[in-house]
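Trainee: The following block contains the structure, expressed as structure tokens.
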Amino acid sequence: MICDETEILIHALTDNELDASHAREVEVHIATCPRCTAELNSYRQMREMMNKAELRFTAPASLRQRLDELLPKPAPAAPSNVTPLTGRRSVLRGFALGSAVSALAATLLVTVVMRQDDQQMIESEIVSSHLRSLQPGHLIDVVSTDQHTVKPWFNGKLDVSPPVIDLTAQGFTLIGGRLDYVNDRGIGAIVYKRRAHVINLFVAQTSNTAHKPAKMETIQGFNIRRWSDRGMNFWAVSDIGADELAEFGEKFEAAAQNNKEG
Amino acid sequence: MQSIIIGPGQGQWLAAGRAHADSATVGRAAMPANTTQHDPERARRFREAALPHLDDVYTLARYLLRDASDAEDAVQECYLRALKHFDTYRGPAMKPWLFAILRNVCRAEYARRAASPNAGIDDTAEAAEQTLWREEQQTPEAELLRERDASTIRRLVDTLAEPFKETFVLREINDLSYREIADAIGAPVGTVMSRLARARAMLRSAWLREQEQL
């Protein structure tokens, strides 16, 4: 990786538009290059300043009213059995958008580094987060093997209360929790250990309350087991075998089910 | 599959829209589309899909046109056109689609301004509005600072050349992903990336010059 390439990719990095392996490659280059480090810092500062400044406009009420008069009158809303999550920001809200299939005559650089689709994008980021968590001092924000310590710790840090379940008896030791970021949004990570292996369980809110059965995938050698339940998306990531990770997921889901009923 | 209903009233509206594009005064005089026969279910779906993005569309219009009243007219025209083409909308993302329509509306407005010698931005009106906008705000010190930054950034963004400004606003202010920007402006993602890099570099040096002068 050279500076010229990095000059463009540094933006894709700060915008979270790189897949995990390229993000790492860029990060590795930046770490060894004072010039690119300075670039990255200065763009981060700029981003921070822009975030603080109120740059958006609000449509005037008169415009809203005019549109309401001009647009044809709507039929009354169809009865919906899904409780709307108004006022609560869905953590991964933005992910549902995008990926319009347009013929993108993108440069080779882009086709190589851009994420393939939204789902894969999230999973790449989840793997990145998992990798970052394995670096020294990054794994756990709250150290506890007690679910009654870990669960309340998340209060006020997330717009979701992740179920924290002690699976020690089932062979997966709860070792703590962590606040992580995926696509600039806070996401809860519950950390378990199986022998010497770390399992990160990421939990994010979703507006879809339907139960979605588990899917297993492998990205960069890591296994990911993904499922949805009661308005939350779960991703369990680890380097343990797919069968063991599946076992973890099943035990977690079973315990969550028991908690719900009990 | 919805059928497209063109009643007499709506035909008139279409004609009005065309006359608009010709004289290129966007918006205001368009016929209310609800005077015509319509499908309430389609209307509901359109409203639910498009109206939540009103602030976003208006924000982009403000940056592209640099004038509050032109922006309002452009947004109105954008929504009417979007409604007209709603049957051919194939998703999945509403926001980039609305932005693409808004861009076309703004193009027409640029053409009108270029053709009319007196159509430049009215700086006094802009200035007056800025003052008004300032007075509405709370004034603790941090707030003032933030506001000064905001108006400086807005001004600097305005000085960017059109394609760079547009890409920058879509990313930083409208919060679109690279792919959504590519869809909205009809350019490859590679172009989005290079424009964004250029825009940020230009904005950063403009900002630094500004700080030196303080």
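Trainee: Calculate the mean, over all residues of peptide A:41-53, of how many other protein chain Cβ atoms lie within 10 angstrom of the residue's Cβ.
Mentor: 4
Trainee: Once you have a ≥ b ≥ c as the square roots of the Cα gyration tensor eigenvalues for the stretch A:222-262, tell me rounded if a/c is under 1.5, and otherwise prolate or oblate according to whether a/b is larger than b/c.
Mentor: Since a/c reaches 1.5 but b/c is at least a/b, the shape of the stretch A:222-262 is classed as oblate.
Trainee: With the Cα gyration tensor of the stretch A:186-262 giving a ≥ b ≥ c as the square roots of its eigenvalues, does the rule (a/c under 1.5 for rounded; else a/b larger than b/c for prolate; else oblate) give rounded, prolate or oblate?
Mentor: Since a/c reaches 1.5 and a/b is larger than b/c, the shape of the stretch A:186-262 is classed as prolate.
Trainee: Counting Lys +1, Arg +1, Asp -1, Glu -1, what net charge surrounds B:R204 among other residues with beta carbon under 12 Å of its beta carbon?
Mentor: That works out to +3.
Trainee: Looking at the square roots a ≥ b ≥ c of the eigenvalues of the Cα gyration tensor of the stretch A:1-77, which shape do they give, rounded for a/c under 1.5, prolate if a/b is larger than b/c, or oblate?
Mentor: prolate
Trainee: Quick one, can you get me the convex hull of the C-alpha atoms of the stretch A:115-262 expressed as volume per residue in Å³?
Mentor: 113
Bear in mind these aren't lab numbers, they're just calculated from the coordinates by the rules spelled out. This one's a predicted model, so the numbers in the text were calculated from it and none came from an experiment. Every residue, glycine as well, gets a Cβ built from its backbone with ideal geometry; the counts of neighbours run over all protein chains shown.
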